[in-house]
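The values are calculated or read from the model by the stated rules, or taken from the named source; none is laboratory data. Note that the coordinates shown come from a computational prediction; the quantities given were computed from them, not determined experimentally. Note that each Cβ is placed from the backbone with ideal geometry, even for glycine, and that neighbours are counted across all protein chains shown. Heavy atoms of the whole protein, side chains included, go into the accessibility calculation; ligands, DNA and RNA do not. Shrake-Rupley method; radii C 1.70, N 1.55, O 1.52, S 1.80 Å.
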Amino acid sequence: MEVIISDTKESASRAAAQVVARLVREKPDAVLGLATGSTPLPLYQELVRMHREEGLDFSRVTTFNLDEYIGLPRDHEQSYHSFMWENLFSQINIDPVRVHIPDGMTDDVPGFCAAYESKIREAGGIDLQILGIGSDGHIGFNEPGSSFASRTRIKTLTQRTVEDNARFFGGRGEDVPRHCITMGIGTIMDARVNLLLAFGGNKADAIAASVEGPVAAIVPASILQHHPNAKVFVDEAAASKLKLSSYYRWVYDRKPDWQKNA
Ligand code: F6R
């Protein structure tokens, strides 16, 4: 795991965007795994800027989103489908045919999940997965206790995640769907590169447990310690409980530029 601590979420997101942009330039038909929520917003804004100002070309890129709420139609304002089109896809030259987001309205959840896994395989696997982290350590919606071998499937949100996400539903926890479809931890671990982003003090405990704690299913993101190419982009607040923060800064400050974006 490589930990990159930046002063602000904007500078952390710019650093993460450089890694994404380098991949897309080197491999124009790259397969990206994408996350929703508040964390990736500055990263998506930076990718939009790179597309507009630097010609970053997404026309051959394929995307797979991590998750979607069950029971929300695509056009619901809080569906992850709406989120992705509003915050990224409508502002870059992505081919809609290459966009994949779990269907929260499917009437055959197991069949849909198996097909989603097949589509990822057929696309050649995910080159780079973007992740946020829940305050309970979840990645995707793999809540504490999720199997490290899990694949795309239905999950039930924890009460804590429902409360965390109530802010998107006008503060009404009762409106947050209880179930979702999420890529599994095994699916996420198959991505060739994982970029985990976390900002703000309410992520500090989850980041410390994931990066420096024991690898355990109770902290799903801790499995990334076993990933061969996982980078963790954090701001000062999210890094505030890391024991080795000065070492992570020391390492990053001494890296050659080519390695920073690799
Ligand atoms: C969303 C996802 C979740 C979020 C996490 C953090 O697609 O997979 O794991 O990344 O719940 O959410 P925010 O960024 O809103 O704090």
Inset, instruction - Restrict the check to the stretch 230-240 and report whether at least one residue is closer than 26 Å to residue 145 by Cβ and open to solvent by 50 Å² or more (accessible area, probe 1.4 Å). - result: no
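Looking only at strands (runs of 3 or more DSSP E) that lie completely in the stretch 1-79, which have at least 2 residues being within 15 Å of the ligand (Cβ to nearest atom) and surrounded by 14 or more Cβ atoms within 10 Å (Cβ to Cβ)? Spell out the reasoning first.
Values: elements: 2-6, 31-34, 62-65, 67-69.
Those strands (runs of 3 or more DSSP E) span 31-34, 62-65, 67-69.
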Inset, instruction - Find all pairs meeting these conditions: Cβ atoms under 7 angstrom apart; at least six residues apart or on different chains; first residue within the stretch 103-123 and free of Cβ contacts under 8 Å to residues at least 40 places away in the same chain; second residue part of a loop (DSSP other than H, G, I, E, B) and open to solvent by 40 Å² or more (accessible area, probe 1.4 Å). - result: 105/73
Inset, instruction - Scan the stretch 134-161 for residues that are more than 12 Å from residue 67 (Cα to Cα), open to solvent by less than 10 Å² (accessible area, probe 1.4 Å) and in contact with a Pro (Cβ under 9 Å, 6 or more places away or on another chain) and jot them down. - result: 134, 137, 143, 146
Legend entry - Count of residues meeting criterion [free of Cβ contacts under 8 Å to residues at least 40 places away in the same chain and of a type outside the set (S, T, N, Q)] in the stretch 52-77: 14
Inset, instruction - Quick one: in the stretch 133-185, of everything that is out of contact with any Phe, Trp or Tyr (no Cβ under 9 Å at 6 or more places or on another chain) and acidic (Asp, Glu), which residue is farthest from the ligand (Cβ to nearest atom)? - result: 174
